[in-house]
Amino acid sequence: MSEELLMQETQPEVNAETTDIEPAEAETGAKEEVAEEATPSTETEADGEAQADSTGADGEASVQANPEADPESEPEPPVVRVKFNKQVREYSIEEATPYVEMGLKYESFKPTYEKLKFIATTSGLSIPDLVDKLLETNERTVYEQILEKAGGNEEIAKELHEAKKAERQRKYQELLQQEKEREEKELEVERQAERERLANEFIELKNATDGKFAEFKDVPKAVLNLAQKRNISLLDAYLRFEHEESKKREAAARKQSEAAKSSVGSLADTAETPDSAGDEFTKAFYSML
């Protein structure tokens, strides 16, 4: 009986507790505020970036940012999503730029368009039909004037009318070319002014960073793009760039550190103590003496 009692009391009771180690979620890197742009005029972003709808017209969900993404990975390029004629369309910043420019031009043309719309509506016509009718009426008026000057000779009137149409078309093309050259000249002036601004601000940047950048070409392209996009100084753009890069480095280091801690903690929790069972047996044995 005493032997059975001794054996029961000397059985060690070991309650192993397992602890689930939840992996630390990786923080996503801060999204770069920079979008590709060739000139200050190629900017459409309404801070560049349009808010995407959660679903498209066809019901498909838009792409969401991956919370487990590597902080050092490149962010997805911004996309402009618009709804036109009951259809949702997506454009990159470069693709959306000319449409934005056309929209700005429409603002100045809108009062004239409203007048055309009024005339077309009251005449029972669409605007394209109204314009075609106006052109037809104008050509007929010009022909009748030429016919009258030609003394009613239709053959001569037709030849003169064709020559007149060709002359008017030539003048119109010349006008278009002049407008194009004027716009290109204005754009080049803006580009030159922007280049001079950045060149002058490079001296400030170089002095503020203790000569980190020996030449203008050493400045990261992302910094130049940000300075142009936000119309801020080169130094300001560089400080913002460095801040975002620092946040990404910290996030990566924190992710690596937490992963290492999780690995060490898991090994410590699952490790066995070699002499633990023997110690318990020894304690129980001597307690019976």
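Each value in this text was obtained by applying a stated rule to the coordinates, not by laboratory testing. Quick caveat, the model's predicted, so the values are computed rather than measured. Ideal geometry is used to build each Cβ from the backbone, glycine not excepted, and the neighbour counts take in all protein chains shown.
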Rounded FRET efficiency, nearest 0.05, which uses the C-beta distance separating Tyr99 from Glu174 and R0 of 22 Å: 0.20
Stretchable slack from Val142 to Ser126, in nm (0.36 nm times residue separation minus alpha-carbon distance): 3.3 nm
Full-extension gain in nm, Arg197 to Gln87, via 0.36 nm per residue minus C-alpha separation: 35.4 nm
Neighbour-count order for Ser126, Ser108, Ser233, fewest beta carbons within 10 angstrom listed first: Ser108, Ser126, Ser233
Over 22 Å between alpha carbons, listed pairs Lys105/Lys185; Lys83/Lys105; Lys221/Lys255: Lys221/Lys255
Table column - 3J(HN,Hα) (Hz), region 187-193, Karplus curve with 6.51, -1.76, 1.60, x for Gly and Pro: 5, 5, 5, 5, 5, 5, 5
Relative contact order for region 76-227, counting Cα pairs under 8 Å that sit 6 or more residues apart, in percent: 7
Inverse mean reciprocal Cα-Cα distance (Kirkwood Rh) of region 125-212, Å: 18.1
Cα gyration tensor of region 220-266 - equivalent ellipsoid semi-axes, whole Å, descending: 35, 7, 6
